[in-house]
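Here the structure is laid out as structure tokens; the discussion comes afterwards.
The values are calculated or read from the model by the stated rules, or taken from the named source; none is laboratory data. Since the structure is predicted, the reported quantities are computational estimates derived from the model, not experimental observations. Virtual Cβ from ideal backbone geometry, glycine too; neighbours counted across all protein chains shown. Side chains are part of the model used for accessible areas, which takes the heavy atoms of the whole protein and leaves out ligands, DNA and RNA. Shrake-Rupley method; radii C 1.70, N 1.55, O 1.52, S 1.80 Å.
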Amino acid sequence: MNLDLPENISVVAQSPGLKPETIDVVVTLPTFKRPEHLLKTLASLKAQVTTRRFAVIVMENETEKREGAEAAKPLFESGELPGLLIIAHDRGNCNAYNAGWLTALKAFPNFSSLLVIDDDEIADPTWLENMCTTRESYGVDFVGGPQLPVFAKPEHTKWSTHPVFSPHHTRTGRVPIIYSSGNLLVGRNVLEAMPFPFLDLAFNFMGGGDSDLISRSVVNGFTIAWCAEAPVYETIPARRVEADWIRARALRNGVISTLIEKRKRGGEPFGGAKTVLKSLALLAVSPLRAVIKVIQTGSLSIGAYQIYVGVGRVLAEFGYANEQYRQPEKN
């Protein structure tokens with residue numbers, strides 16, 4: 001298969017007998033130093049209950065040991081999984097997604113929907129079918145689904161209602177916005193309409209490139225639905241319930257919120273000033289919001305989250321960027 005891909009994308013394995021023109025759905029799966037969990041994710045994709053013809057693209061983003069690629073390679077070479085295994089040579093979250101989505105467009109001429117799952121997640125058996133059915137039912141261009149946390153330690157289950165881990169929506173139907181690519185369907189029509197790179201490299205090690213793409217797409221008239229019946233189960237290591245990780249994620253979310261809003265208001269008169277004023281207002285009311293959340297939930301961490309997001313929004317005006325993905329061992 002000659003795909004005419006850029007030099008920073010290499011195909012290292014392809015399923016024998018693959019018929020690209022018959023594929024209607026492509027599932028993209030970025031991976032970085034999680035070979036054992038990657039195999040669990042791939043097993044959940046193999047177990048999908050659907051009659052739709054789908055292919056999987058795994059994007060290995062670790063170019064030295066390539067442990068994920070080595071683990072997954074036999075599955076593609078044997079034909080156990082239909083699809084492609086590629087190396088995304090340029091490091092970073094956005095680079096990996098861009099490589100996989102570009103490869104999908106070049107390799108599979110007739111797919112209508114592209115799904116995204118991460119290498120620390122397990123797909124529900126009806127995930128793919130329910131995501132696609134929701135898109136068809138509501139006639140939308142994006143579909144988001146819940147990433148349900150599965151904590152490494154049972155005693156951490158109490159964190160499942162924290163804003164960092166809980167889904168943004170609870171009911172299936174049209175929604176104005178979604179924020180994550182960890183459980184996402186993107187219509188081919190979106191990828192063909194939006195400029196490449198799809199995810200802006202300014203978010204490469206911070207995260208938020210997915211939120212930025214969705215925000216820009218909504219401005220261009222694309223629509224969104226939520227599918228509550230299509231969960232993926234995200235493995236949450238003990239590290240992620242520690243106070244410094246929660247704080248860093250909250251600050252990062254505030255920064256991303258400001259950056260996306262600044263871009264959205266870029267063409268407005270005084271758009272930058274409006275964003276600054278909104279950030280200052282949100283920071284000013286965040287202590288009150290924190291107190292309300294503590295009263296409602298009994299959680300100091302959930303209360304503090306409101307303040308850290310407000311601080312992050314203001315820090316973004318001074319160039320602060322919390323790049324949690326630059327040091328994956330701490331993420």
Practice task
Express the accessible area of segment 243-330 per residue in Å², computed with a 1.4 Å probe while the remaining protein chains stay in the model.
Solution key: 56
Problem - Under-5 Å amide H pairs with Ile57, H placed in peptide plane, nonlocal only - result: Val27, Thr28, Leu29, Leu84
Completion exercise
So for segment 256-315, using the alpha carbon gyration tensor with a ≥ b ≥ c as root eigenvalues (a/c under 1.5 gives rounded; past that, a/b versus b/c decides prolate or oblate), I'd call it prolate
Handout entry: the chain, relative contact order [Cα under 8 Å, separation at least 6], %
Key = 18
Handout entry: Residue pairs, from the table Lys40/Lys293; Lys158/Lys262; Lys153/Lys293; Lys33/Lys106; Lys65/Lys264; Lys33/Lys153, whose Cα atoms sit over 32 Å apart
Key = Lys40/Lys293; Lys158/Lys262; Lys65/Lys264
Practice task
Let me have the relative contact order for segment 28-79, percent, based on Cα pairs under 8 Å that are six or more residues apart.
Solution key: 55
Handout entry: For peptides 164-172, 96-104, 182-190, sequence by mean Cβ density within 10 Å, most packed first
Key = 96-104, 182-190, 164-172
Practice task
With a 10 Å radius around each residue's Cβ, average the other Cβ atoms per peptide and rank 292-301, 224-233, 314-323, highest first.
Solution key: 224-233, 314-323, 292-301
Fill in the blank from the handout: Expressed in angstrom, Rg and Dmax over the Cα atoms of the chain are 19.7, 61
Problem - Of the GluC sites (Glu not before Pro) in segment 1-88, those whose Cβ has at most 14 other Cβ within 10 Å and which sit in DSSP loop - result: Glu7, Glu64, Glu80
Handout entry: Cα gyration tensor shape for segment 31-79, rounded if a/c is under 1.5, else prolate or oblate
Key = prolate
Practice task
Could you check how much of the accessible area of segment 243-330 is carbon and sulfur, as a whole percent, using a 1.4 Å probe?
Solution key: 64
Handout entry: Rounded to 10°, Cα long-axis angle of helix 209-219 versus longest principal axis of the chain
Key = 80
Problem - Between helix 35-46 and the chain: long-axis angle, C-alpha atoms, 0 to 90°, nearest 10 - result: 70
Completion exercise
Heavy-atom accessible area of segment 9-239 with neighbours in place, 1.4 angstrom probe: carbon+sulfur share in percent works out to 52
Handout entry: Between helix 127-138 and the chain: long-axis angle, C-alpha atoms, 0 to 90°, nearest 10
Key = 70
Problem - Value of relative contact order over segment 78-235, rounded to a whole percent, pairs C-alpha under 8 Å and six or more apart - result: 39
Fill in the blank from the handout: Nearest-0.05 FRET efficiency for Ser10 and Asn220 at R0 = 35 Å, using Cβ-Cβ distance, is 0.65
Problem - Accessible solvent surface per residue of segment 9-239, calculated while the other protein chains remain in place, 1.4 angstrom probe, Å² - result: 39
